[in-house]
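Bear in mind these aren't lab numbers, they're just calculated from the coordinates by the rules spelled out. These figures come from a predicted structure and were not determined experimentally. Quick reminder, even Gly has a Cβ in these numbers, built from the backbone with ideal geometry, and neighbours come from all protein chains shown.
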Amino acid sequence: MNIAVIGTGYVGLVTGVCFAEIGNTVTCVDIDERKIAALREGHSPIYEQGIEDLLRQNSARGRLHFTTDMADVAHAAVVFLALPTPPQEDGSADLRAVLTVAEALPDFLGEQFVVVVNKSTVPVGTADEVRQVIMKKRANNVAVVSNPEFLREGIAVRDFMEPDRVVLGVSDERAELVMRELYAPLTDELHPLLVMDERSAELTKYAANAFLATKISFINEVANLAERVGANVEEVARAIGADTRIGARFLQAGIGYGGSCFPKDVLALDRTAQAHDYEFRILRAVLEANQAQQARLVEKVQTHYGDLHGKTFALWGLAFKPDTDDIRESPALKIIDTLIAAGATVRAYDPEAAANVARHFADKHQATLVLVDTPEEALEGAHALLIATEWKVFRNADPQVFAQLQDAVIFDGRNIFEPHVMREAGFTYYSIGRAV
């Protein structure tokens, strides 16, 4: 099948590469000429396991093409809109990119029947808006469907190729047949295709992310209580997670969620509720709990030290989660800002995200934020260590490497070490929800 993907961000690139891998001819379109040039050379703009190999292989096979010219979508049977929908000041999703492309798209489509697919995370009712915009120029032979993504950064290629489910919001029978054929290689009884109306599909995406964010905030609240009552949140999580009604995933206590999805999707769903005169009380609590949790590690630092002026802290982890270079809404960014505002210097290391952090702080913290090349280098001259991301390289660290810390203090925001091991090694060790 001939496919076009407009937008080569995280979702668009994974979508295009994976559809090419299962045998389709895919044209990826983006206005960023430098990005397109890099993609043509086989270089992925995102860090994602396996994607660069698939990109190069399918480009070499002639299945995958990259362009800045919208006219190249003319032969597509399916056009995916994978465009950014960032939060606006009030938390609602900004649909300008989606609607701008939808308005221009009919000028470049061929005469054949075309399915236009909203792959971006969009508010309920967006499929209707996109349809109305397209119909102004092309009233026939086009259908608009909703097909939200459920990709986890770090394992997005695997999630696409082996989906828990594929959600399809569609009201046009011809479009449903096309989409069923397209996803046939990826769906079966274990990986079902769930067909519903467009609004239900749009709400499903937000509801899924909001529920996972709720689960994270809940276990973090349990962790905070565990510290006060002398319990171990990991034992609690293991016990409640064994209940099949609850499940063990997303019950790891820490310093809150970040990333490109959970923060903005929880906000957007809350904004949708407000727009329809509904107070979504649980979402408000999730937002407040996560904001407070992202400050927990620095609160522990301030309680231990009091005055932070003149202190130097090593920080391990800058990405919002391991196996990605994404720093959007990462708790590490707030940790850096808060420590430096309190008079400290930060020496930070991350296996993949340092370049993004350097760009993020390009105009601030020039003398007080030092980005280094190894975990050991971050410890040089540091009074204490803070851990913000649970990369495997940190989990496997030899405790003896911490001997160079001036105060032998570790603040572990992801509970990657065992408290008794660190204390027996002579370190003052703080973690999340493990008072015993």
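Key figures
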| read-out | value |
| --- | --- |
| Highest-first arrangement of 13-19, 414-420, 239-245, where packing means the average Cβ count within 10 Å | 13-19, 414-420, 239-245 |
| Built amide H within the under 5 Å cut-off of F80, gap 5+ | A4, V5, I6, V117 |
| Over the chain: helical MRE at 222 nm, DSSP H runs n ≥ 4 each giving -39500 (n - 2.57), nearest 500 | -12000 deg cm²/dmol |
| Table column - 3J(HN,Hα) (Hz), the range 307-324, Karplus curve with 6.51, -1.76, 1.60, x for Gly and Pro | 6, 9, 4, x, 7, 10, 10, 7, 10, 9, x, 10, 5, 5, 7, x, 6, 8 |
| Anisotropy class of the range 33-104 from Cα gyration tensor, a/c 1.5 cut | oblate |
| DSSP-loop trypsin sites (Lys or Arg not before Pro) across the range 159-198, with at most 14 other Cβ within 10 angstrom | R165 |
| Stretch gain in nm, segment I22-D69, where the contour uses 0.36 nm per residue and the Cα spacing is subtracted | 14.5 nm |
| GluC sites (Glu not before Pro) within the range 33-91: DSSP coil, no more than 15 neighbouring Cβ in 10 Å | E41, E89 |
| Residue-wise HN-Hα coupling along the range 396-403, computed from phi with Karplus coefficients 6.51, -1.76, 1.60 (Hz; x: Gly, Pro) | 8, 5, 6, x, 5, 5, 7, 4 |
| Pairs from K35/K300; K264/K364; K334/K392; K35/K311; K35/K215 whose Cα-Cα separation, in the structure shown, is over 31 Å | K35/K300; K35/K311; K35/K215 |
| Normalised contact order of the range 205-292, rounded percent, pairs of Cα under 8 Å and 6 or more residues apart | 38 |
| Euclidean distance of C-alpha centroids, the range 248-279 and the range 369-436, integer Å | 30 |
| Exposure proxy ranking, count of Cβ atoms within 10 Å, fewest first, for Y47, Y430 | Y47, Y430 |
| Karplus (6.51, -1.76, 1.60) ³J(HN,Hα), θ = phi - 60°, over the range 374-391, in Hz, Gly and Pro reported as x | 9, x, 5, 5, 5, 7, 5, x, 8, 6, 8, 10, 10, 10, 10, 9, 8, 5 |
| Separation of alpha-carbon centers, the range 65-87 and the range 192-234, rounded to whole Å | 32 |
